[in-house]
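Just below is one structure, and these are the notes that go with it.
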Amino acid sequence: MRRHELVIIANRLPLKRSGRGAGGWERSPGGLVTALDPVLRKRGGLWIGWDGSSGRPARAVEHDGLSIKPVGLVPRDIENFYHGFCNRTIWPLYHDAIKPAEFNQRWWESYEAVNERFARAAARHVAKGRTVWVHDFHLQLVPQILRGLRPDLRIGFFLHIPFPPEEIFARIPWRTNILHGLLGADVVGFQTWKDAQNFSRASRRMADAEGVDSQLTFQGHKIRVNSFPISIDAEEMEKLAQLAEVQNRAREIRRGLGNRRIILGVDRLDYTKGIEARLSAYEQLLESGDATVSKSVMVQVAVPSRESVPEYAQTRQRIEQIVGRINGEFSHPGSIAVHYFRRNLEREELAAWYLAADVMLVTPLCDGMNLVAKEYVSAQINGGGVLVLSEFAGAAQELRQALLVNPYDVAGMARTIRRALNVPRAEQRFRMSILRMVVRRHDVQEWSDTFLSALERS
Ligand code: ADP
Ligand code: F6P
C-alpha cells in the first residue's frame, strides 16, 4: 500500500457518490471542499473522508487528478455521528447556539467510534514522520487518537467553523474529551484570532493546559494555536469570470431578468446563513415602494444541505413561505420579485451569476469565514458590484470595504440594500479594487502554505 507524505482528513471527500453524473460522483457542497480541492491538487497527497453513501468503505481511488480514500459510515453512524453529534450538537452550539444544541450519550459514543475509525485510516496511509492535516468539527478527537497510534507524525488541525466562547462551550458534557482530542495536534488553527483565544481559554480552564493564547503545553506536549483565515483559489475564479461563455451567460441572465438590478444570495441551505432575514429585508424595501428597488430583482440560490436534520427542513419551509409571500404581493406577469433556485450550480454557472449580480448579499447570523463573499469579489473582473456582508462572518475581518451589516437588524439591512443599489460607480470600483487585492493576496495557497509551514516549524 502506498504511504503518502501529506494526508488530508475531513468528514467530506471532495466528491460524493451520486446516482447520476460522471461515473457516479458529484462535487460535495460547502466551503471546506472549495478550499481544500485546489490545495491537494497543487501539493499532491491523499484525501481521506466520507463519500456520502452508507455502507462499507471503498478502496482508495484516483479520481479527476485527486487521490481519495473513502471511510465507510453505516446508517447508524450517519444518524448518530453525522446527523446527531455533528449537526445537532456541535454545529448549533459552535454557531452562537442560535438553535438549542442537543446532548445525547449515544451520539457522543458514535462520535468517538467514528473519530477512531478516521484516525486509524490516516495512520495506515501516511509515511513515517510525515504530515496529517485534520479538518473541521467532525473530527476533533482525531489528533489525540492519531498521536497515540503514530507518535512520529506531525499533526495539524484546522477548524472551519467558529470556536465558541467559553461559557457556551462549557455546556458540552464531553467538553474535556474534545479539548484533549484537539490538544493532540502540534498546530491548532482557527479562522479568526477570537476563535483561537476562545479555544486557548477553554483549554486552560477545562483541560489543564498551560501557557499563553498562542502556545499551550499539555502533558509535556507543545501546541501552537493561531488564526489562519481560509480563502479561495482567486485565480481560478478570475479565470472563470474571464471565459467568453461565462460572460455571455452573465449577459443572458441579465436579459432574462429584464435588465433589472440583480441582488444575489448564494448559500448552502442552512439556518446559520440568515436567508430568512435577508428575504424579509428585501420585502420591507419592496413595501416601501422605493423607485430603485422596484427596478431590482432578488435571486436566492440555495444548495440543499443536511436535509434529514429537522431544523434544516424547517428552515427550508420558512424560506419557501417567505418567497411565496413576497412573490404573491410583489410579482407581476413577466416580472417576478424573488427568484429562488434550490440547487447546486456548476462552477461556470456560479461565476456567471456572480458576474451578473449588482449586489451580493452575504448575511449569515454566524459563519466561520464565508467563501461565497470571497468568490463574488474575485469574479468582479470589471471592477463593479457591491458586497453586503454580515459583521458576524469571519470574512468581515478582512473584507472591510464591503458594506457591513448586522443580520439581526432587518430594517438596518433593508437600508443597506437600498444604499448598495445606489453606490456610485466610482465608489464601487474603489471598494472592489481593495477587496479584490485582499482576496488575491491572501488566497487559499497562501493559507495552506502558512498553516503547513507553521506545522513544519512546530
Ligand atoms: P459553507 O462552508 O458553510 O457552506 P462557504 O460560503 O464558506 O459556506 O462555502 C460555500 C461553498 O459552496 C462556496 O464555494 C460556494 O460556491 C458553494 N456553494 C454554495 N451554494 C452553492 C450553490 N447553490 N451551487 C453551487 N455551489 C454553491
Ligand atoms: O465549512 C463548514 C462545513 O460544515 C464543512 O465542514 C462541510 O463540508 C460543509 O460545511 C458542508 O456540510 P456537509 O459536509 O454537512 O454537507
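The values are calculated or read from the model by the stated rules, or taken from the named source; none is laboratory data. Worth saying up front: this structure is predicted, and the values here are computed from it rather than measured. All Cβ positions, glycine included, derive from the backbone under ideal geometry; neighbour counts span all protein chains shown.
Miscellaneous remarks
- Qualifying position, being in the same structural domain as Q191 (by TED's automatic domain parsing) and either within 22 Å of K295 (Cα to Cα) or part of a helix (DSSP H, G or I) (or both), among L452, L361: L452
- Number of the condition not met by E283 [criteria: (1) within 16 Å of ligand 1 (Cβ to nearest atom); (2) part of a helix (DSSP H, G or I); (3) closer than 19 Å to F341 by Cβ; (4) among the charged types (D, E, K, R)]: (1)
- Number of the exception - G30 against (1) surrounded by fewer than 21 Cβ atoms within 10 Å (Cβ to Cβ); (2) away from ligand 2 (no atom under 16 Å from the Cβ): (2)
- Helices (runs of 4 or more DSSP H) within the stretch 128-190 that include 2 or more residues over 22 Å from R88 (Cβ atoms): 142-149
- In the stretch 324-342, the residues that are assigned by TED's automatic domain parsing to the domain that holds A313 reach residues that are outside any strand (DSSP E or B) and within 16 Å of ligand 2 (Cβ to nearest atom) with C-beta atoms within less than 9 angstrom, at least six apart or across chains, in these pairs: R342/L269; R342/P304; R342/R316.
- Across the stretch 327-347, the number of residues qualifying as on the phi < 0 side of the Ramachandran plot and away from ligand 1 (no atom under 16 Å from the Cβ) comes to 10.
- Subset of the stretch 298-312 (residues that are in a loop (DSSP other than H, G, I, E, B) and either of a type outside the set (A, V, I, L, M) or more than 13 Å from ligand 2 (Cβ to nearest atom) (or both)): P304, S305, R306, E307, S308
- Of all residues in the stretch 39-69, exactly one satisfies the criterion of being within 22 Å of the chain's Cα centre (by Cα) and of a type in the set (D, E), namely D51.
- Strands (runs of 3 or more DSSP E) contained entirely in the stretch 1-88, each with at least 2 residues that are within 16 Å of ligand 1 (Cβ to nearest atom), in contact with a helix residue (DSSP H, G or I) (Cβ under 7 Å, 6 or more places away or on another chain) and in contact (Cβ under 8 Å) with a residue 40 or more places away in the chain: 4-12
- Residue under evaluation K239, criteria (1) within 16 Å of ligand 1 (Cβ to nearest atom); (2) farther than 30 Å from S296 by Cα, criterion not met: (2)
- Filtered by the rule that a residue be within 18 Å of L279 (Cα to Cα), touching a Phe, Trp or Tyr at 6+ places or on another chain (Cβ under 8 Å) and outside any strand (DSSP E or B), the stretch 315-347 gives T315, I319, E320, V323, I326, A337.
- Here the condition is being in contact (Cβ under 8 Å) with a residue 12 or more places away in the chain and within 15 Å of G31 (Cβ to Cβ); of A356, A351, A395, it holds for A395 alone.
- Condition met for G412 (under 26 Å from L286 (Cβ atoms), not aliphatic (A, V, I, L, M) and either not assigned by TED's automatic domain parsing to the domain that holds F190 or not in a helix (DSSP H, G or I) (or both)): yes
- Any hit, the stretch 206-213, residues being free of Cβ contacts under 8 Å to residues at least 60 places away in the same chain, part of a helix (DSSP H, G or I), farther than 27 Å from V377 by Cβ and not assigned by TED's automatic domain parsing to the domain that holds Y354: yes
- Any chance A202 is more than 16 Å from ligand 1 (Cβ to nearest atom), more than 30 Å from A379 (Cβ to Cβ) and surrounded by 24 or more Cβ atoms within 10 Å (Cβ to Cβ): yes
- From P424, P407, residue being surrounded by fewer than 24 Cβ atoms within 10 Å (Cβ to Cβ) and out of contact with any Asp or Glu (no Cβ under 7 Å at 6 or more places or on another chain): P424
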